[in-house]
Amino acid sequence: MEEKTRFGEVKHESALLVEVIISAIIMGTNTKIFAKAAGLYPGGATGLSVLIQQLFEKFGGITIPYTPVNIILNAIPVFIGFRFIGKKFTTRSLIMILVCSVATDISPLHPISDDILLLSIFGGLINGFAISLALRADATSGGTDFIAIFLSERRGVDTFNLILGFNVIVLITAGYFFGFDKALYSIIFQYCSTQMLHLMYRNYMKQTLLIVTDKSSEICKAIYRISHHGATILNSEGSYLHVEREMVYSVISRAETKKVIEVIKEIDPTAFVNALPTTDLNGRFYNRPYN
């Protein structure tokens, strides 16, 4: 039994690793044939790496590979990941960074179109798709992602404005030296990437469950067993038959909603379940730790 469990864990980790490598190859190839070929600057450490390469070429006449630049920029974030976030998560992310960097260097610099707007839109969509695959495999593309996770999970700091400010500085610098038209097209690239990410990866979203049932205690235990989230039992009364029933109120991760509802229907097939998107939440909320 123990060997079977260990085999299952190895199989799961191998599947995650394969997904990380695929996402890294897609992201690296996309960076070369879409972003770099069109003179665009993706967000985060990737965009800064591309900018540093171009600055060395413009002012020093030196062509440096993408890989060493990206690795140096990710050195401190990776250390933060190993030290404060999680070793497995950081190891997968490190593999993502290395494979993506090499894929960027070895991919041919041949744009598939001369239309920079098309390259901005579809390059951004592909970039968001690759990042989504990595996140679903419990990894990240590195750079500001490590810092964002550290500040938000460990220090309770809202990192949105911090990352936005970093990307703005990169785009302003790029615009000053290489033309603001490329910087503006880069905004389109980053916007499309973000929209694809929001479409494909929704695990960070929260869902409110309102469950009218006669088996509230069993359902509360099931919710905690699956999601590690608590619940509140409220007394309620039906407006038609005026029968007293209990309503379970709980907020869980969207990624766990389907499984929780399936278990609820197994416990009480007559339960009435209303799942609502939660856009703002204050108070203690359990977040699954990165391993």
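Here, each number is a calculation from the coordinates, and none is a lab measurement. The structure presented is a predicted model; accordingly, all values stated were derived computationally and were not measured. As a convention, Cβ positions derive from the backbone with ideal geometry for all residues, glycine included, and neighbour counts pool all protein chains shown.
Pulled fully out, how much extra length does the chain show between Thr270 and Phe178, if you take 0.36 nm times their separation in residues and subtract their Cα-Cα distance?
26.7 nm
Which residues among the stretch 69-111 fall inside the zone where the amide N is under 19 Å from a point 7 Å beyond the Cα of Phe59, along Cα→Cβ?
Flagged as within label range: 69-70, 73.
How big is the gap, in Å, between the Cα center of the stretch 189-221 and the Cα center of the stretch 35-58?
35 Å
Given H placed 1.01 Å from N in the peptide plane, which residues other than close sequence neighbours of Arg245 have an amide H under 5 Å from its amide H?
Here Ser236, Glu237, Gly238 satisfy the definition.
If you filter the stretch 183-234 for chymotrypsin sites (Phe, Trp or Tyr not before Pro), then keep DSSP loop positions with at most 15 other Cβ within 10 Å, what is left?
Passing sites in the stretch 183-234 are Tyr204.
Compute the angle between helix 180-200 and the longest alpha-carbon principal axis of the chain, please, reported from 0 to 90 degrees and rounded to the nearest 10.
Compared with the principal axis, the helix lies near 30 degrees.
What does the helix-only formula give at 222 nm for the chain: each DSSP H stretch with n ≥ 4 adding -39500 (n - 2.57), the total divided by the residues, and the result rounded to the nearest 500 deg cm²/dmol?
Working: 10 runs with 174 residues, N = 291.
After summing the helix terms and dividing by the residues of the chain, the value is -20000 deg cm²/dmol.
Which angle from 0 to 90°, rounded to the nearest 10, does the C-alpha axis of helix 44-60 make with the longest principal axis of the chain?
Taking Cα atoms only, the helix is inclined about 0 degrees.
Mind putting a number on the dipole of the stretch 93-220 about its Cα centre? Charges go on the C-beta only, +1 for Lys and Arg and -1 for Asp and Glu, and I need it in Debye to the nearest 20. Don't jump to the answer; show the numbers that get you there.
Numbers: 7 positive and 10 negative charges, 53 e Å.
For the stretch 93-220, the charge dipole is close to 260 debye.
Expressed as a rounded percentage, what relative contact order does the chain have, with Cα pairs under 8 Å and six or more residues apart?
20 percent
Once phi is turned into ³J(HN,Hα) by the Karplus curve 6.51 cos²θ - 1.76 cosθ + 1.60 with θ = phi - 60°, what whole-Hz value does each residue of the stretch 244-258 show in order, with x for glycine and proline?
6, 9, 10, 10, 9, 10, 8, 10, 10, 6, 4, 5, 9, 4, 4
Determine how many Å³ per residue the convex hull of the Cα atoms of the stretch 206-278 encloses.
Measuring per residue, one finds 77 Å³ for the Cα hull of the stretch 206-278.
Kirkwood Rh over alpha-carbon pairs of the stretch 34-103, then Stokes-Einstein at 20 °C and 1.002 mPa s: what D in µm² s⁻¹, rounded to an integer?
165 µm²/s
Amide H neighbours of Lys206 under 5 Å, counting only residues 5+ apart in sequence or on other chains, H built in-plane at 1.01 Å?
Arg254, Thr278
For the stretch 2-200, what does the equivalent ellipsoid look like in terms of its semi-axes, each the square root of 5 times an eigenvalue of the Cα gyration tensor, given largest first in whole Å? Spell out each step's value before the answer.
Working: eigenvalues 165, 70, 52 Å².
Value: 29, 19, 16 Å, ordered largest first.
Can you find, among Ala103, Leu125, Phe84, the residue farthest towards the positive end of the dipole of the chain? Put +1 on the C-beta of Lys and Arg, -1 on that of Asp and Glu.
Phe84
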